[in-house]
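To start, the structure itself, in structure tokens.
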Amino acid sequence: MGNTLAELKKRSNFSKLLEEVEKIKSPESGIKNYEDDRLWKLTIDKAGNGSALIRFLDAPQGEDSPWVTIYKHAFSYINGQVQPQGAKGGVWYIENSLTSIGQQDYVGEQNSELWNTGVESNKEIARKRKRTLNYYSNILVIKDPDHPENNGKVFLFRYGKKIFDIIAAAMQPPEVDPLDEDAIVGEAFNPFDFWSGANLALRINKVDGWPSYVNSKFQKPAPLFKGDDKKIEEIWKQEYSLKELLDPKHFKSYEELKARYLKVVNGISAGTVADEPDVNKFVDEKDEDVPNFNSEESFQDVKSPKPKDDDVPFDVGDDEDDLSFFQKLANGD
């Protein structure tokens, strides 16, 4: 990839990104979670509502993709029994999966062994210990009503399948019935492109008691800063490296993860029972079926429970960072 804005402007990576979207629709991927001021999060009120206007940005200088993906395992045990999603208390295992960087992961191997027995009780344990998926991209915050100090700044943004589906739909608009005269056919565009992309009106609301991004939508495509290349380049240079997030130094080793897993399963480490956030909100519906653990094999015979959205923080309205809080639980703090 070129290192100048002129080269980026000439380059068309739309088809390549479409290929990556297709790969993700049939998932095989994996991020270190950074609890620092690089990450932007949508503020959600006590009623479960929130909104902001953001712009996804193209790949950082010297990098090829505008997103990276990372898998994580998050589950707890009480008296040797894995707990259902949302359970209180227990000893927590909350770790990034080595499958994120193409390596074998101990929990993934254990889950695969259980699943392949074909025994439903074993498969249920694997479901409860499944991977969850996050995407990371650079964004420009256009308007953050609750934190106007963020307006005009570049952040890393962690999001899940629901928002990625909105991105994919923009790049590959769904086909419509040719007999439906009232159907609106959207033009495909690259949401990450500085010149042909679009702002995303990000909205979260509760639908049937569950957090939903159904009301989120891209605005009409238009050049960022009305096509002012000087301003665009200034923003481009402010982007954070995405490749750096996948540096192996940010992941625990296979042996370290194995040791942590055994401590959790055996209840050796002290757990916390006080007011954990709802881990259901950590679940990504995409992984609800436990499509794979360590390999590229996909399982299609599992039915999903109620939809849950990992784009939403664990504890709506809680000021404490969700992943930071869960990491404290995992460390026995």
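The values are calculated or read from the model by the stated rules, or taken from the named source; none is laboratory data. As the structure is a prediction and not an experimental result, all values here were calculated from the model. Glycine also receives a Cβ, built like all others from the backbone with ideal geometry; neighbour counts cover every protein chain displayed. Each accessible area value is taken on the protein alone, full model and side chains, heavy atoms only, with ligands, DNA and RNA left out. Shrake-Rupley method; radii C 1.70, N 1.55, O 1.52, S 1.80 Å.
Among the residues making up region 42-57, those that are in a strand (DSSP E or B) and under 17 Å from the mean Cα position of the chain (by Cα) are Ile54, Arg55, Phe56. Note on region 200-213: residues that are touching a strand residue (DSSP E or B) at 6+ places or on another chain (Cβ under 8 Å) and open to solvent by 30 Å² or more (accessible area, probe 1.4 Å) amount to 3. Residues in region 167-209 that are part of a loop (DSSP other than H, G, I, E, B) and at pLDDT 70 or above: 20 in all. Six or more apart or on different chains, Cβ under 7 Å: which pairs go from a residue in region 48-64 that's over 14 Å from Phe225 (Cα atoms) to one that's surrounded by 22 or more Cβ atoms within 10 Å (Cβ to Cβ) and among the polar types (S, T, N, Q)? Could you list them? Sorted first by the residue in region 48-64, then by its partner, the pairs are Pro60/Asn138.
Candidates Ser100, Ser76: the one that is modelled with pLDDT of 95 or more and among the hydroxyl-bearing types (Ser, Thr, Tyr) is Ser100. For the criterion of being more than 30 Å from Ile44 (Cβ to Cβ), modelled with pLDDT of 95 or more and either out of contact with any Lys or Arg (no Cβ under 8 Å at 6 or more places or on another chain) or not basic (Lys, Arg) (or both), Glu233 passes.
Applying the set (1) basic (Lys, Arg); (2) buried (at least 17 other Cβ atoms within 10 Å of the Cβ); (3) out of contact with any Lys or Arg (no Cβ under 7 Å at 6 or more places or on another chain) to Lys153 leaves exactly one unmet item: (2).
Screening Val82, Val91, Val107 for residues that are modelled with pLDDT of 95 or more, under 16 Å from Val264 (Cβ atoms) and β-branched (Val, Ile, Thr) leaves exactly one candidate, Val107.
Each row is one residue, and each column tells you yes or no for (1) under 20 Å from the mean Cα position of the chain (by Cα); (2) crowded, with 17+ Cβ neighbours inside 10 Å; (3) within 27 Å of Asn49 (Cβ to Cβ).
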site: Pro145; (1), (2), (3): no, no, yes
site: Ile166; (1), (2), (3): yes, yes, yes
site: Pro191; (1), (2), (3): yes, yes, yes
site: Trp236; (1), (2), (3): no, yes, no
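Scanning region 43-66 for residues that are modelled with pLDDT under 95 and buried (at least 21 other Cβ atoms within 10 Å of the Cβ) yields a total of 1.
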